[in-house]
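The values are calculated or read from the model by the stated rules, or taken from the named source; none is laboratory data. Keep in mind that this is a model prediction, so the values were computed, not measured. Every residue, glycine as well, gets a Cβ built from its backbone with ideal geometry; the counts of neighbours run over all protein chains shown. Each accessible area value is taken on the protein alone, full model and side chains, heavy atoms only, with ligands, DNA and RNA left out. Shrake-Rupley method; radii C 1.70, N 1.55, O 1.52, S 1.80 Å.
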Amino acid sequence: MTDSPVLPLNRTCPYSPPAEHVRLQRDEPVARVTLPDGSTAWALSRLDDIRSMLTDPRFSANRQREGFPLQPRGVRPDADERPLLIGLDPPEHGEARRAVVGEFTIKRMNALRPRIQQIVDDCLDAVLAGPRPADLVPALALPVPSLVICELLGVPYADHDFFQSRSANLLLRSIPPQERFVAAKEIREYMAALIVEKAKNPGDDLLSRQLAKGADQEELAGLGFLLLLAGHETTGNMISLGTMTLLERPEALAALKEDPAVTPQIVEELLRYFTIAEYVTSRIAVQDVEIGGVLIRAGEGVVTLANAANRDPAAFTDGDAFDLGRAARHHIAFGFGAHQCLGQNLARLELQIVFDTLFARIPGLSLAGPVDELSFKEDSTVYGLHSLPVTW
Amino acid sequence: MRITADLDRCVGAGQCVLTDPVVFDQRDDDGTVIILSTTPEDAETIGRVREAIRICPSQALALAEPGTTS
Ligand code: HEM
Ligand code: SF4
């Protein structure tokens with residue numbers, strides 16, 4: 001089959017999935033597709049199919065397996081390098097997740113609220129003291145999640161600027177690749193040194209508690225790096241896309257300003273509506289599996305068109321509409337199954353605090369230009385905005 | 001009706017707690033679910049419990065109808 005469509009396609013409209021993804025969902029929910037690197041895989045686009053795939057032990061999350069779909073060439077981790085939590089299968093995954101998930105309970109996340117509030121307020125103080133227009137990506141969307149991860153890991157306050165600037169350098173398009181590489185190396189080295197320091201002088205933080213439970217230092221450095229990788233750009237992109245969306249929808253913004261109790265629902269709908277990390281739930285079959293009458297063979301990759309799935313008419317009424325009244329928590333923007341986002345309740349809290357605070361403190365906020373002039377991360381695995389100029 | 005949880009499956013995502021914090025909680029050490037109220041009676045609570053069962057990413061929750069075991 002040489003005429004299978006080349007997928008995944010880039011989004012052309014920030015508010016909707018590519019038309020071809022939607023067509024596949026309707027006509028060919030389990031589709032043979034060609035990936036951008038020329039290899040073939042299956043694409044799933046219905047919510048139910050993806051949910052059952054993600055809870056089926058015949059699929060593996062191990063990105064190091066030969067043939068795992070959508071892995072950037074040349075940077076595939078060496079087969080002997082220790083895999084991160086996100087790439088583990090049972091029984092190793094359950095053990096590793098159980099060891100850290102106590103750090104992410106709703107109770108613990110709520111205890112972080114005052115610190116997150118402080119971080120957001122500090123960023124907004126700087127925005128308000130600075131020139132107009134201001135770019136909210138480097139001023140708010142990127143620093144908030146990286147400083148929150150500092151808080152979680154127990155990075156000393158004096159090192160926050162170092163940590164924040166290096167992690168922003170990893171993500172900003174304006175930074176040349178060579179400098180990004182240096183930033184990644186510096187963060188890894190910093191993480192390793194921080195763990196040695198925590199072993200000597202424990203604090204009230206995730207790293208110290210993991211060390212006290214006997215965690216391996218190298219593994220812990222890997223976890224620290226994964227938390228930054230998984231929690232920084234994702235949350236940052238949702239902050240910028242969410243701000244843009246709310247500024248474009250006065251009725252939603254008015255509802256949020258009027259009653260903070262609706263903020264969690266708005267955040268949930270934003271997560272569904274953008275489904276920014278839709279391909280990270282891709283998998284590889286390790287045994288033959290039949291889905292929707294189609295046989296997927298062991299060794300074949302499965303790519304998830306989760307943005308289309310999060311509007312699947314079988315699961316959401318009028319899924320293309322941004323609807324504040326929707327009960328949307330059965331979306332898969334955080335994935336599904338055993339790997340469902342470890343940091344989801346941290347991300348929810350950060351987004352709620354950011355939106356509540358931003359629009360309360362800068363009531364006259366508006367976009368500095370039209371949405372169609374904004375620069376979106378169309379070709380990136382995690383969708384988002386490169387910059388968000390605003391004024392007030 | 002009785003709510004049951006398979007703690008070997010639970011991955012501590014806390015979705016159940018978000019759905020009904022009166023019925024569900026999480027253990028502090030490993031984040032797994034604690035059922036605070038195992039036999040919900042009013043229809044609204046049962047509705048939320050059904051929602052939690054649907055949303056739970058690891059399919060760890062179930063409602064045992066009266067007269068059945070497990
Ligand atoms: C809005 C922001 C976020 C989105 C959209 C998001 C999305 C996702 C998705 C879709 C997965 C599933 C990956 C898979 O199935 O292979 C995932 C896993 C994960 N996320 Fe998030 N995430 C966000 C924020 C965060 C934050 C703030 C953290 C931590 C500080 C985090 C840490 C993780 C980790 C560690 C995993 C792997 C869990 C496992 O394999 O058991 N994420 N995330
Ligand atoms: S939603 Fe499911 S996986 Fe998450 S804590 Fe509750 S029972 Fe466990």
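Structural remarks
- If you check A:E350, A:E373, A:E300, A:E378 for being out of contact with any helix residue (DSSP H, G or I) (no Cβ under 9 Å at 6 or more places or on another chain) and modelled with pLDDT of 95 or more, only one passes: A:E300.
- Out of B:V22, B:V11, sole residue that is touching a Ser or Thr at 6+ places or on another chain (Cβ under 8 Å), surrounded by fewer than 18 Cβ atoms within 10 Å (Cβ to Cβ) and under 23 Å from A:K107 (Cβ atoms): B:V22
- Screening A:V390 on (1) among the aliphatic types (A, V, I, L, M); (2) surrounded by fewer than 22 Cβ atoms within 10 Å (Cβ to Cβ); (3) more than 16 Å from ligand 1 (Cβ to nearest atom) shows it passes everything except condition (2).
- Any chance A:F336 is farther than 27 Å from A:G87 by Cβ, open to solvent by less than 10 Å² (accessible area, probe 1.4 Å) and either touching a residue at least 12 places away in the same chain (Cβ under 8 Å) or within 22 Å of the chain's Cα centre (by Cα) (or both): no
- Within the stretch B:7-24, the residues that satisfy the criterion of being more than 8 Å from chain A (Cβ to nearest Cβ) and closer than 16 Å to B:T45 by Cβ are B:C16, B:D20, B:V22, B:V23, B:F24.
- Sole exception among (1) touching a residue at least 60 places away in the same chain (Cβ under 8 Å); (2) touching a Pro at 6+ places or on another chain (Cβ under 6 Å) for B:L63, by number: (2)
- Close Cβ contacts (under 6 Å, 6 or more residues apart or on different chains) running from residues in the stretch A:285-300 that are in contact (Cβ under 8 Å) with a residue 60 or more places away in the chain to residues that are of a type in the set (S, T, Y) comprise A:V286/A:S60.
- Residue satisfying all of: in the stretch A:51-62; assigned to a helix (DSSP H, G or I) and within 12 Å of chain B (Cβ to nearest Cβ); surrounded by the fewest Cβ atoms within 10 Å (Cβ to Cβ) among these: A:S52
- Test result for A:E248, under 24 Å from the mean Cα position of the chain (by Cα), away from ligand 1 (no atom under 16 Å from the Cβ), away from every other protein chain (no Cβ under 14 Å) and within 30 Å of A:L270 (Cα to Cα): yes
- One residue stands out among those in the stretch A:196-244 that are among the β-branched types (V, I, T) and crowded, with 21+ Cβ neighbours inside 10 Å: the one that is farthest from the chain's Cα centre (by Cα), which is A:T243.
- For B:I3, the conditions (1) within 8 Å of chain A (Cβ to nearest Cβ); (2) in contact (Cβ under 8 Å) with a residue 40 or more places away in the chain; (3) aliphatic (A, V, I, L, M) all hold with the exception of (1).
- Residue ID - nearest to ligand 2 (Cβ to nearest atom), chosen from residues in the stretch A:310-323 that are closer than 22 Å to B:A52 by Cβ and open to solvent by 20 Å² or more (accessible area, probe 1.4 Å): A:A315
- Where helices (runs of 4 or more DSSP H) fall wholly inside the stretch A:88-141, the ranges with 2 or more residues that are more than 25 Å from A:T281 (Cβ to Cβ) and away from chain B (no Cβ under 14 Å) are A:113-129.
- Subset of the stretch A:291-327 that is in contact with a strand residue (DSSP E or B) (Cβ under 7 Å, 6 or more places away or on another chain) and charged (D, E, K, R) - its residue that is farthest from A:T12 (Cα to Cα): A:R297
- Scan of the stretch B:34-60 for residues that are more than 16 Å from ligand 1 (Cβ to nearest atom) and under 24 Å from A:N110 (Cα atoms), ordered by number: B:I34, B:I35, B:L36, B:S37, B:T45, B:R48, B:V49, B:E51, B:A52, B:I53
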